[in-house]
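The values are calculated or read from the model by the stated rules, or taken from the named source; none is laboratory data. The shown structure was predicted, so the numbers you read here are calculated from the model rather than taken from an experiment. Quick reminder, even Gly has a Cβ in these numbers, built from the backbone with ideal geometry, and neighbours come from all protein chains shown. All accessible areas refer to the heavy atoms of the entire protein, side chains included, with ligands and DNA or RNA removed. Shrake-Rupley method; radii C 1.70, N 1.55, O 1.52, S 1.80 Å.
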Amino acid sequence: MDHQPLRHMSRKVGYWWGDKKASRFNTAELGDHLAKHGFQFVKLNLDKSFIQQGPFCAIIHKFSDILTKADSGDSNSLKIIESFKQFIQESPHTIVIDSIPNVRILLNRFEQYRIIQDSQLALQEGCLTPPFAALNTDDTEAIKLTLKENNVKYPFVCKPLIAHGSSSAHQMCLVFSEKGLLDIKPPCVAQTFINHNAKLFKIFVINDKYFVVDRPSLKNFKAGEIPTLHFDSPDISKPNSSSHLTELDEVSRASPPVLKENDVRRHVQILRKILGLKLFGVDLIVENQTGRPYVIDMNIFPGYVGVDNHVSLIANMIAELVKESEMKIFGDTNSHPLAHNKQS
C-alpha cells in the first residue's frame, strides 16, 4: 500500500469509549470545542471497517475494557482490536491518543508497578511505588514466601490484577496478618500499605499539563490480629467521601501530608517518558513519617473530576498534535490550505 502523504489531511477526529465513560465525560462539549478548531468529531462504529470510516487525522479512545476482554479471549473484542491495529498500520499519519501498546501497560497493576520498579529513570529520580508482589495461588505457605521475597509487609492492600474491565477491578482488601491470607482471591497484587494520613493526591495529566486534586483515602493502620478489611476504592476516594475508614485521630489530623510541587513535576515528567501516554492519571500518597511520595495506582484516560477546563484542554491538545503532524508532512502550515479552515 502507498503510504505517501495525502495532498491534504483529513479534518475528521474519530472517538470511542464505552457507556461508563460516556456517562461521565461531556462528549458533546469536546465535539463543540473541536468544531471551533475546524474538526469534525465522529464516533467510531466498531462493527464496521475503520478504513471505510476514515480517513482520520486523529483518533481519541478508551479501548481499555475491550483490550481486557480481548486478552481474556473474547472473540469479538479480539476482532475489534486486530482491526484497529491493522487500520493504524495502514494509516501512519493518523494520530492515536493513546497507542494500544502504551495503554496495555496500565491494564495490569503488576505491570504498572514493575515498569516503575525496573525503570532506571524512575530509580535515579526517586519515583517509587510501595513493595509489591503478584499472588497467583491461594496456598498460604506459597503466599507467605512470595511476600517475604518481595519485602511486602503487613498490613498490605490486595488489589485485583486487572485494573480495568469490570467493577470488580476496584474491589480491594487490607490484610493485617497471616490469618487474613485466607481472604485473598488470586490473581491479585499485594502492595505494602503506607500510612499517609488519609489523603490521596490524584494527578491528572493532559499531554504536557498536569493538575493535582486532593481526595480522601484510607486512614492509618498497623499490623495486628484484625479482620481483613474489604472496600471499594472509588467509594473511599470519591470527592467529599465520608467514611469511618477515612476518619483520622486528632494527632494525625494535626499533621496533614504535603505534596511538594517539585515532586509532582518530577513524577509527571518521569511517567510521561516511561509510559508514553498523553492522557493518564496517577494516584500519589505521601508517607506520613518520611514525607516520601509513592505511586500507588495509574489510570488510563481518567475522568478529570475536579479539573474544570479539561475538555477544552483535550481539544486544544488534539488540535496542536494535528498541527505538529501537518508541519512534519507539509512544512509551513500557514501556506497549507487547511490552515485557513480553522474557525475563530
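Computed quantities for the displayed model
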| read-out | value |
| --- | --- |
| Gly276 vs. criteria open to solvent by less than 10 Å² (accessible area, probe 1.4 Å) and closer than 24 Å to Phe110 by Cβ | no |
| Positions within region 215-235 being open to solvent by less than 30 Å² (accessible area, probe 1.4 Å) and polar (S, T, N, Q), in sequence order | Ser217, Thr228, Ser233 |
| The lone exception for Gln86 - which of (1) within 22 Å of His170 (Cα to Cα); (2) surrounded by fewer than 20 Cβ atoms within 10 Å (Cβ to Cβ) it fails | (1) |
| Hits in region 159-176 (condition: at negative phi, open to solvent by 10 Å² or more (accessible area, probe 1.4 Å) and not in a strand (DSSP E or B)) | Leu161, His164, Ser166, Ser167, Ser168, His170 |
| Residue that is surrounded by the fewest Cβ atoms within 10 Å (Cβ to Cβ) [pool: residues in region 89-101 that are of a type outside the set (Asp, Glu) and outside any helix (DSSP H, G or I)] | Pro92 |
| Answer residue from region 45-83, given it is basic (Lys, Arg) and either touching an Asp or Glu at 6+ places or on another chain (Cβ under 6 Å) or part of a loop (DSSP other than H, G, I, E, B) (or both) and is surrounded by the fewest Cβ atoms within 10 Å (Cβ to Cβ) among those | Lys48 |
| Residue, nearest to Asn288 (Cα to Cα), within region 236-253, restricted to residues that are open to solvent by less than 30 Å² (accessible area, probe 1.4 Å) and part of a helix (DSSP H, G or I) | Ser252 |
| Any hit, region 133-141, residues being within 21 Å of the chain's Cα centre (by Cα) and open to solvent by less than 70 Å² (accessible area, probe 1.4 Å) | yes |
| Some residue of region 7-27 being open to solvent by less than 80 Å² (accessible area, probe 1.4 Å), under 21 Å from Asn309 (Cα atoms) and of a type in the set (D, E, K, R) | yes |
| Residues of region 35-66 that turn out to be in contact (Cβ under 8 Å) with a residue 60 or more places away in the chain and over 17 Å from Ile314 (Cα atoms), as a count | 2 |
| Some residue of region 265-279 being part of a strand (DSSP E or B) and either at pLDDT 95 or above or more than 21 Å from Phe132 (Cα to Cα) (or both) | yes |
| Single condition Lys148 does not satisfy, out of (1) in contact (Cβ under 8 Å) with a residue 12 or more places away in the chain; (2) open to solvent by 20 Å² or more (accessible area, probe 1.4 Å) | (1) |
| Subset tally (residues that are open to solvent by 10 Å² or more (accessible area, probe 1.4 Å) and more than 10 Å from the chain's Cα centre (by Cα)) for region 279-292 | 6 |
| Tally, over region 185-204, of residues that are in a loop (DSSP other than H, G, I, E, B) and either among the basic types (Lys, Arg) or in contact with a helix residue (DSSP H, G or I) (Cβ under 6 Å, 6 or more places away or on another chain) (or both) | 3 |
